[in-house]
Structure formats: structure tokens, C-alpha cells
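Comments concern the structure below.
The values are calculated or read from the model by the stated rules, or taken from the named source; none is laboratory data. Predicted model, so just to flag it, every value in this text is computed and none were measured. Note: ideal-geometry Cβ built from the backbone for every residue, glycine included; neighbour counts use all protein chains shown. Just so you know, the surface numbers come from the protein's heavy atoms only, side chains and all, with ligands and any DNA or RNA stripped out. Shrake-Rupley method; radii C 1.70, N 1.55, O 1.52, S 1.80 Å.
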Amino acid sequence: MVPMSDKKRKVKQLNVMTYIWQFFAAYLIFNILFDMLLDNFDTLENFSETFSVLLALPTPVILSVFEQANAITQLEQRLASYNSNIMMTEDQIRLLKKEEDKEALEDATDKLYQYKVSYNEAIEAYNNAINLLPFKFFKHILGHKEKSYFSDFDF
């Protein structure tokens, strides 16, 4: 049996409460920053507050997109690892069939099955992750498409 001990990271969708607290945190940071920078400019009195709001509005969405993109990258790395393991195990099975080692062939076949199941689980997580908001709006720009599952479980 193949140990499947890698951590499954859940991709978070941006929710309203997260958006609100991140907005206010960004607003406070931008407002303090602009107040310090524009302290000597009386004509720009309301500018710092307005500009702070304009910068704070997209900040939670941007943070969420980057967090989702990071999680998706980790899923892609897991998929690449599983795919590599599947290809190596398939090569091993071809060699074992020539050698007619039944026990080793059965172990390799079980290992291949586990890799394909794990690959399909990772594909499901990946496909769900790229369709979460707000990343869903950027997936085509960033070149992400839904991936297909392994359906070939014949050995």
C-alpha cells in the first residue's frame, strides 16, 4: 500500500466577514500612511480618506486571489508528483510482466491503483479550487483550465 501522508490543503473562498475585516484593516493602514505622507498639504485634506477607500476596496479580493493561486499551485505540484509516480509505476509493471514476478506485479498494480485514486482526488480539489470566487474570474487570464480524471483503471 502507498502511504498518502501529504497534507490536503483546503482552498478558501472569500467570505463577507473576511472581506469586511480585511477592507477595514487596509483602509486604516492606507489612511494612516496617507495622513503621514500628506500632512503638510492642506489642499489634499480629503484626498487621503478617499484614496484610502479606493485602495482598500480591492485589497481583500487581491489577497484572496493570491492565497487561492498559492493553494492551486500546491495542488498542481501534487498532481505533477502523482503523474510522475503513475508513469514510473506503469513502467515498473511493464518490466514485471516480462519477468513474470506475480507478487511484485500485484504490489505494483495496487500501488498504481492508489496513485490513480489520489490523482483523481487531487484533480477534484484542483477543479473545485479554480472555480471558487474570486479566482474564478481570473482563471482564464492565468491559464487555468479544468483537468480530466483518470478513467483508465485497467492494468
Highest average packing first - 138-147, 49-58, 121-130, Cβ atoms within 10 Å: 121-130, 49-58, 138-147
- request: Using a/c under 1.5 as the rounded threshold, could you call segment 115-155 rounded, prolate or oblate? The axes a ≥ b ≥ c are square roots of the C-alpha gyration tensor eigenvalues, and prolate needs a/b larger than b/c, oblate otherwise.
  value: prolate
message: So with the 1.4 Å probe, I'd like the accessible area per residue for the chain, rounded to whole Å².
response: 70
Between helix 47-56 and the chain: long-axis angle, C-alpha atoms, 0 to 90°, nearest 10: 10
field: Whether the chain is rounded, prolate or oblate, judged on the alpha carbon gyration tensor where a/c under 1.5 counts as rounded
entry: prolate
task: With runs of 4+ DSSP H residues as the only contributors, calculate the mean residue ellipticity of the chain at 222 nm using -39,500 (n - 2.57) per run, divided by the residue total and rounded to the nearest 500.
output: -23500 deg cm²/dmol
statement: the chain: relative contact order from alpha carbon pairs under 8 Å, six or more residues apart, as a whole percent, is 28
Projected label distance in nm at Ser81 and Asp35, using a 7 Å step from Cα toward the beta-carbon: 4.7
